[in-house]
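Engineer: Pasting in a structure now, in structure tokens, and then I'll have a few things to ask.
The values are calculated or read from the model by the stated rules, or taken from the named source; none is laboratory data. Please read all numbers here as calculations on a predicted model, not as lab measurements. Neighbour counts run over all protein chains shown; Cβ positions are idealised from the backbone, glycine included. Just so you know, the surface numbers come from the protein's heavy atoms only, side chains and all, with ligands and any DNA or RNA stripped out. Shrake-Rupley method; radii C 1.70, N 1.55, O 1.52, S 1.80 Å.
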Amino acid sequence: MNIHIREFQRGGAVDDPAALEQFQKQWATYQKLVDTDALSHREVGAILHDNLAALPKPFAFLDIACGDAGQMPAALAGTKVRHYHGIDLSEPALELAAKNLAGAPFEVELDCSDFVEAVTKRREPADAAWCGLSIHHLTTDGKRRLLQALHGSTSDFLMIYEPTLADGETRDGYLARFARVNRPAWPFLSDQEWEQIDH
């Protein structure tokens, strides 16, 4: 295993302790959603794994907005992955990703950067790319730039898992539907955690 981390030093001093504390709170809330499978991570991870396992030759895999890469050991197990490249803007998340991918039987590269910029500037094409629950954070122009960059730099397949608006639905309508459906379905979240999600 060989892990290359760009743009930050593991174990270095924290520049903004308040930002780190906010990340930890939000990450804990997100982790609850993952642990309870509230966002269907298991099913989506199995679909990703099955598609990657079907690739016949060794492949380079791009994980866009990889977070802690917690899903990746299972998604990549038994596949012919030779190189994993994870991109995320969060240094604490990439610290966790390095731990989650420690011992992986393939090369691991982690980039701490904006994923649209990083994908746009990639020198090597990826064979397969994945982005889960992150593209909705982008503006329409950012989405367009990312997809154009991926079109030119991904050869075998791209898999995206995202919430979307229903036909004719506005953003405000989507947010109202999200709260109406999920508040009763996720009673394990506190009011403070719901405030984080609403924000």
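Engineer: Kindly evaluate Thr29 against the criterion of being farther than 16 Å from Phe106 by Cα and either open to solvent by 30 Å² or more (accessible area, probe 1.4 Å) or in contact with a Gly (Cβ under 7 Å, 6 or more places away or on another chain) (or both). Spell out the reasoning first.
Structural biologist: On the way: farther than 16 Å from Phe106 by Cα: yes; either open to solvent by 30 Å² or more (accessible area, probe 1.4 Å) or in contact with a Gly (Cβ under 7 Å, 6 or more places away or on another chain) (or both): no.
Taking the combined requirement at face value, the residue does not satisfy it.
Engineer: Here are some conditions: (1) more than 29 Å from Lys121 (Cβ to Cβ); (2) part of a helix (DSSP H, G or I); (3) not basic (Lys, Arg). Leu52 meets all but one. Which one does it not meet?
Structural biologist: (1)
Engineer: Taking Arg42 as the residue in question, decide whether it is open to solvent by 70 Å² or more (accessible area, probe 1.4 Å), at pLDDT below 70 and among the charged types (D, E, K, R). If you could, list the steps in order and put the result at the bottom.
Structural biologist: Working: open to solvent by 70 Å² or more (accessible area, probe 1.4 Å): yes; at pLDDT below 70: no; among the charged types (D, E, K, R): yes.
No, not satisfied.
Engineer: Just checking: which of the helices (runs of 4 or more DSSP H) contained wholly in the range 59-178 hold 3 or more residues that are closer than 30 Å to Glu195 by Cα and within 12 Å of the chain's Cα centre (by Cα)?
Structural biologist: Numbers: elements: 72-76, 91-100, 115-120, 140-153.
Result: 91-100.
Engineer: Read through the list (1) free of Cβ contacts under 8 Å to residues at least 40 places away in the same chain; (2) open to solvent by less than 80 Å² (accessible area, probe 1.4 Å), then give the number of the only condition that Glu193 fails.
Structural biologist: The failed condition is (1).
Engineer: When you go through Gly152, Gly168 one by one, which is the residue that is at positive phi and out of contact with any strand residue (DSSP E or B) (no Cβ under 8 Å at 6 or more places or on another chain)? Steps first, please.
Structural biologist: Working: Gly152 fails: at positive phi.
After ruling out the rest, the residue left standing is Gly168.
Engineer: Moving on. Would you mention how many residues in the range 103-112 are among the aliphatic types (A, V, I, L, M) and under 15 Å from Ala77 (Cβ atoms)? Walk me through it before giving the result.
Structural biologist: As a first pass, look at the range 103-112 and keep what is among the aliphatic types (A, V, I, L, M): 104, 108, 110.
Now restrict to residues that are under 15 Å from Ala77 (Cβ atoms): 104, 108.
Going through the range 103-112 one residue at a time, the tally reaches 2.
Engineer: Does the range 179-189 hold any residues that are in a loop (DSSP other than H, G, I, E, B) and loosely packed, with under 12 Cβ neighbours inside 10 Å, and which are they? Spell out the reasoning first.
Structural biologist: If we filter the range 179-189 for residues that are in a loop (DSSP other than H, G, I, E, B), which is where we start, we get 186-189.
Hits for the range 179-189 are Pro187, Phe188.
Engineer: On to the next question. May I ask you to list the residues in the range 53-72 that are over 18 Å from Tyr30 (Cβ atoms), of a type outside the set (D, E, K, R) and open to solvent by 10 Å² or more (accessible area, probe 1.4 Å)? First the steps, then the outcome.
Structural biologist: If we filter the range 53-72 for residues that are over 18 Å from Tyr30 (Cβ atoms), which is where we start, we get 53-62.
From what is left, the residues that are of a type outside the set (D, E, K, R) are 53-56, 58-62.
Those that are over 18 Å from Tyr30 (Cβ atoms), of a type outside the set (D, E, K, R) and open to solvent by 10 Å² or more (accessible area, probe 1.4 Å): Ala53, Ala54, Leu55, Pro56, Pro58.
Engineer: If you check Asp37 against the conditions, is it at pLDDT 85 or above and in a helix (DSSP H, G or I)?
Structural biologist: Working: at pLDDT 85 or above: yes; in a helix (DSSP H, G or I): no.
For Asp37, the condition - at pLDDT 85 or above and in a helix (DSSP H, G or I) - is not met.
Engineer: Additional query: Any residue at all in the range 148-164 that is of a type in the set (D, E, K, R), within 20 Å of Ala69 (Cα to Cα) and modelled with pLDDT of 90 or more? Quick ask: steps written out before the conclusion?
Structural biologist: Initially, the range 148-164 is screened for residues of a type in the set (D, E, K, R), giving 156, 162.
Still in the running and within 20 Å of Ala69 (Cα to Cα): 162.
Those left that are additionally modelled with pLDDT of 90 or more: 162.
For the range 148-164, residues of a type in the set (D, E, K, R), within 20 Å of Ala69 (Cα to Cα) and modelled with pLDDT of 90 or more: present.
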